[in-house]
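Participant: After the structure tokens below, expect a handful of questions from me.
The values are calculated or read from the model by the stated rules, or taken from the named source; none is laboratory data. Since we're looking at a predicted model, the values are computed, not measured. Counting neighbours? That spans all protein chains shown, and the Cβs are built from the backbone with ideal geometry, glycine included. Just so you know, the surface numbers come from the protein's heavy atoms only, side chains and all, with ligands and any DNA or RNA stripped out. Shrake-Rupley method; radii C 1.70, N 1.55, O 1.52, S 1.80 Å.
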Amino acid sequence: MLSRALRLLEPRAVGIARQSRGLSTTTHTKAADTATITNHNKPTFSTSELEKNTMPIYLDAQATTPLDPRVLDAMMPYMTESYGNPHSRTHKYGWETEQAVDKAREQIAALIGAHPKEIIFTSGATEANNTAIKGVARFYKGKKNHIITAQTEHKCVLDSCRVLQEEGFEVTYLPVSKGGRISLDDLKEAIRPTTALVSIMTVNNEIGVVQDIADIGRLCRERRIFFHTDAAQAAGKIQMDVNAMNIDLMSISGHKLYGPKGVGALYVRRRPRVRLEPIITGGGQERGLRSGTVPSPLVVGLGAAAELAAREYAYDYDHVAKLAQRLISGIQSRVSHVVRNGDPAHMYPGCVNLSFSFVEGESLLMALKNVALSSGSACTSASLEPSYVLRALGAEDDMAHSSIRFGLGRFTTEPEVDYVVDNVEAHVNRLREMSPLWEMHQEGIDLKSIQWSQH
């Protein structure tokens, strides 16, 4: 099973130069040795070969990213012979895994400019967000009871705030511009003497818009308010420095930066110290902020992924930016009435959210069966309601329903992008030919002027 998974990764594997810069490990599995490393910018298969592939092309990197084979290589020893509990201090098994966990802590801290002791391991970004928001609010509830966030935050942030509202806290949900960014003036006006925390995500998971984190952090530091950012879509993809940006708490997800699922991290500043009430209690692990045995194989994987992201940031960013430009220009030059959602001047290039007028997004997703895509957040895509993120941008229901998110990543190739452009053109044109709204638009009828009767 493992060798099959690695063979599926083979066409998307990293270049020979990247392999030579890979992580050193103590053991290698047979399956890992079978993976052939190729230049992922060199076309390794034709369009016809793509169509024969049993698995669709993966363009859903905001939902999750594939595990980098080098990360798996680093994890394997701790899933086999080095299986000790990192909290066991009386024998070598525990010492070995404790050293590995400490190294991972250092690798993650180096990625964001933090101190290793400020890294708390969690089960993922959802738990990290819950811990940061609920933990800070509940610890300081005797003095402050107000929280500020944005309308376009991830569901776990919004739901955490709603839970706190039920407990008596007051929450301000900042609106965003048509480009998806909050206004610093709105933030200044929302701040009160009782404001304990501001939580604004760095990169939006649906449209890829990047907030002005440094300015937000500076304002919060001046007003002596703790600043938390959900960096699940940002860590390892754009440059982050918790000190330069005045970030007090930061959430990180392992599987969003080519690491394993089921693990994440929460950065908690020590100076000036951030106090929070833990939401998981027990043995007092992780500075007493998150009890439970640290899953050493997953933590090692997260650390390895962080080290690779820090080392290869420039290469990955340029690679994704080139592919994004190829995708956007290819689609917009061949398909009319296509709008990119979000502010193009402040955007992570790997997240491309496009709305196709006169096409239902779900229908286009079903038509593009050879491409793994999403119509929005994987956490909320089961709902047929239009994206709350796009609605917050002021998009009308028809445009919100017609949006598709293209997630590009480290292992995406140019032939895959070209294949997607070809298929998008063909299927959008086919679906529009079947749409009476498209026919009316072609005839010059203003659809907004029509009064539809109800039956």
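Participant: Give the residues of segment 248-258 that are touching a strand residue (DSSP E or B) at 6+ places or on another chain (Cβ under 8 Å) and either touching a residue at least 60 places away in the same chain (Cβ under 8 Å) or on the phi > 0 side of the Ramachandran plot (or both), sorted by residue number.
Facilitator: Leu249, Met250, Ser251, Ile252, Ser253, Gly254, Lys256, Leu257, listed by residue number.
Participant: Return the residues of segment 169-190 that are surrounded by 13 or more Cβ atoms within 10 Å (Cβ to Cβ), closer than 25 Å to Tyr348 by Cβ and of a type in the set (D, E, K, R); say none if nothing qualifies.
Facilitator: The answer is Arg181, Asp186.
Participant: What number of residues within segment 394-429 are among the hydrophobic types (A, V, I, L, M, F, W, C), at pLDDT below 95 and in contact with a Lys or Arg (Cβ under 9 Å, 6 or more places away or on another chain)?
Facilitator: Count: 2.
Participant: Right, here's the next one. Residues to consider are Ala265, Ala324, Ala306, Ala310; find the one that is closer than 30 Å to Arg192 by Cα and out of contact with any Asp or Glu (no Cβ under 9 Å at 6 or more places or on another chain).
Facilitator: Ala265
Participant: Now, a different point. Mind checking whether some residue in segment 340-362 is under 21 Å from Ala61 (Cβ atoms), among the aliphatic types (A, V, I, L, M) and either open to solvent by 30 Å² or more (accessible area, probe 1.4 Å) or more than 20 Å from the chain's Cα centre (by Cα) (or both)?
Facilitator: no
Participant: Identify, please: which residue in segment 64-81 is open to solvent by 20 Å² or more (accessible area, probe 1.4 Å) and in a loop (DSSP other than H, G, I, E, B) and is, among those, farthest from Pro260 (Cα to Cα)?
Facilitator: Glu81
Participant: Then there's this: I need a count of the residues in segment 138-168 that are surrounded by 24 or more Cβ atoms within 10 Å (Cβ to Cβ) and farther than 26 Å from Val210 by Cβ.
Facilitator: So the answer is 0.
Participant: Pick from Gly301, Gly292: which is under 21 Å from Thr131 (Cβ atoms) and crowded, with 21+ Cβ neighbours inside 10 Å?
Facilitator: Within the list Gly301, Gly292, the selection yields Gly301.
To keep it simple, each residue is scored yes or no on (1) surrounded by fewer than 21 Cβ atoms within 10 Å (Cβ to Cβ); (2) of a type outside the set (Val, Ile, Thr); (3) without any contact (Cβ under 8 Å) to a residue 60 or more places away in the chain.
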residue	(1), (2), (3)
Phe227	no, yes, yes
Gln239	yes, yes, no
Met245	no, yes, yes
Arg270	yes, yes, no
Gly283	yes, yes, no
Arg287	yes, yes, no
Ala306	no, yes, no
